[in-house]
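The values are calculated or read from the model by the stated rules, or taken from the named source; none is laboratory data. Keep in mind that what you see is a predicted model, and the values were worked out from it rather than measured. With ideal geometry, Cβ positions are generated from the backbone for all residues, glycine too; neighbour counts draw on all protein chains shown.
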Amino acid sequence: MAVDKRLGELLDIVVKEGGSDLHIFVGGTPILRVAGALVPIAKYPSITSEETESMLKSIVPEARWNSFQDKQTIDLSYTHKVDARFRVNGYRVQGATALAIRLVPRDIHTFTELNLPPVLEVFTQREQGFFLCVGPVGQGKSTTLAAMIDRINESRAEHILTIEDPVEYLFTPKRSLIHQREVHIDTPDFHTALQSAFREDVDVIMVGEMRDYETISSAVTAAETGHLVFSTLNTNNAAQTIDRIIDMFPAEQQSQVRVQLAGSLIGIFSQRLIPRVSGGLIPAYELLINNNAISTLIRDARTHEISVVIQTSSQEGMIDMDRSLSELLHRGEVTVEHAYEHAMDPKTFERYL
């Protein structure tokens, strides 16, 4: 089925205007997100329920339309005019269809181009372990992981498996063999694909999102058994990430999971995209590197002390969010107002000024 004409026009606008996201809903004009700000597409009139339904149906595979009708939500990837790739979420709002569409950049950028710390290179060269990129929705986690996976692709001959819902960045094999599996198309769920990975001679695994304890359990096991595993969580910082992982498990399993995580975790990178004075967005970040002190805190359920270790371990490459924000401020990259908005602890942030 051909893509709905009006949807095609709107996707063209996203690309032309440098937007990151497009929102289409009933009773209002479509809205574009550009450099973090929401901007109405003024020339478009209010959209009807029939139009949003037609737009979504024109890009959803016929075999999955009934699933949307049953679950009232659907995730999929869509390629528009050969080279513009989008991640699409269709959902219901008061009985009507709405769409949230994100442009997936065609090019995979380097750490330098993304203003990411060079220390991330270290994690791409590990033979095994568990690395998490965390932060709220829309803060560049997938882009950072794509840069890390592509760095492995450029520098090592490995078998890389990505498990995504949906597949976002498309990798071109360089030194590595890369297979990208999409949930609902190539596998029923993340957990099943991870279990299958143990029999596929895989070296590196990227899991798009940790949604349940079965997926996390399989990922941790994979990291323990010789694989390098990358994934994301929608959490605010390293300490909260560890607590969230532990809390996903039944109470009787949590002590064992703490031990497993203490041994397999290699790092947690938390990031926020901050409006840049010169235009666009720039990341501020927290980096936890799992050393003996962090490992002990995880095993002993003392995650509330992790932030102190990060703050006092800059010589090992760790950095806390407030220090990162202060460095951006000192370089003139961000404003004081935006730095304060994203500070984890205003008092800690002020000490760095």
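Some points to look at:
- Residue match in the range 200-210 (condition: at pLDDT below 95, within 26 Å of Gly317 (Cβ to Cβ) and in contact with a Gly (Cβ under 8 Å, 6 or more places away or on another chain)): no
- Members of the range 257-304 that are more than 25 Å from His330 (Cβ to Cβ) and charged (D, E, K, R): Arg258, Arg299, Asp300, Arg302
- Set side by side, the residues Thr144, Thr162 differ, and just one is at pLDDT 95 or above, hydroxyl-bearing (Ser, Thr, Tyr) and assigned to a strand (DSSP E or B), which is Thr162.
- The conditions of being touching a Leu at 6+ places or on another chain (Cβ under 9 Å) and acidic (Asp, Glu) are not met by Glu113.
- Verdict on Ile282 being in contact with a Lys or Arg (Cβ under 6 Å, 6 or more places away or on another chain), closer than 21 Å to Pro118 by Cβ and at pLDDT 95 or above: yes
- Candidates Ser264, Ser314, Ser324, Ser295: the one that is surrounded by fewer than 18 Cβ atoms within 10 Å (Cβ to Cβ) and modelled with pLDDT of 95 or more is Ser295.
- Asp75 fulfils the conditions (1) over 30 Å from Gly226 (Cβ atoms); (2) surrounded by fewer than 12 Cβ atoms within 10 Å (Cβ to Cβ); (3) acidic (Asp, Glu) except for a single criterion, (2).
- Some residue of the range 90-102 being within 24 Å of Tyr285 (Cα to Cα) and aromatic (Phe, Trp, Tyr): no
- One residue from Glu164, Glu154, Glu158, Glu182 being of a type in the set (D, E, K, R) and touching a Gly at 6+ places or on another chain (Cβ under 7 Å): Glu164
- Restricted to helices (runs of 4 or more DSSP H) entirely inside the range 245-353, those with at least 2 residues that are acidic (Asp, Glu) are 321-330, 336-342.
- Filter result for Leu56 (under 27 Å from the mean Cα position of the chain (by Cα), part of a helix (DSSP H, G or I) and touching a residue at least 40 places away in the same chain (Cβ under 8 Å)): yes
- Counting only residues that are under 23 Å from the mean Cα position of the chain (by Cα) and not hydroxyl-bearing (Ser, Thr, Tyr), the range 318-333 holds 8 of them.
- Count - residues of the range 94-125 that are part of a loop (DSSP other than H, G, I, E, B) and either under 18 Å from the mean Cα position of the chain (by Cα) or surrounded by 15 or more Cβ atoms within 10 Å (Cβ to Cβ) (or both): 13
- Count - residues of the range 297-349 that are in contact (Cβ under 8 Å) with a residue 60 or more places away in the chain, of a type in the set (Gly, Ala, Ser) and more than 18 Å from Ile268 (Cα to Cα): 1
- Check on Phe86, of a type in the set (Phe, Trp, Tyr), touching a Phe, Trp or Tyr at 6+ places or on another chain (Cβ under 6 Å), assigned by TED's automatic domain parsing to the domain that holds Thr48 and within 20 Å of Asp186 (Cβ to Cβ): yes
- Unmet requirement for Leu288, which otherwise passes all of (1) modelled with pLDDT under 95; (2) surrounded by 15 or more Cβ atoms within 10 Å (Cβ to Cβ): (1)
- Odd one out for Val82, checked against (1) within 24 Å of Gly280 (Cα to Cα); (2) without any contact (Cβ under 8 Å) to a residue 24 or more places away in the chain; (3) among the hydrophobic types (A, V, I, L, M, F, W, C): (1)
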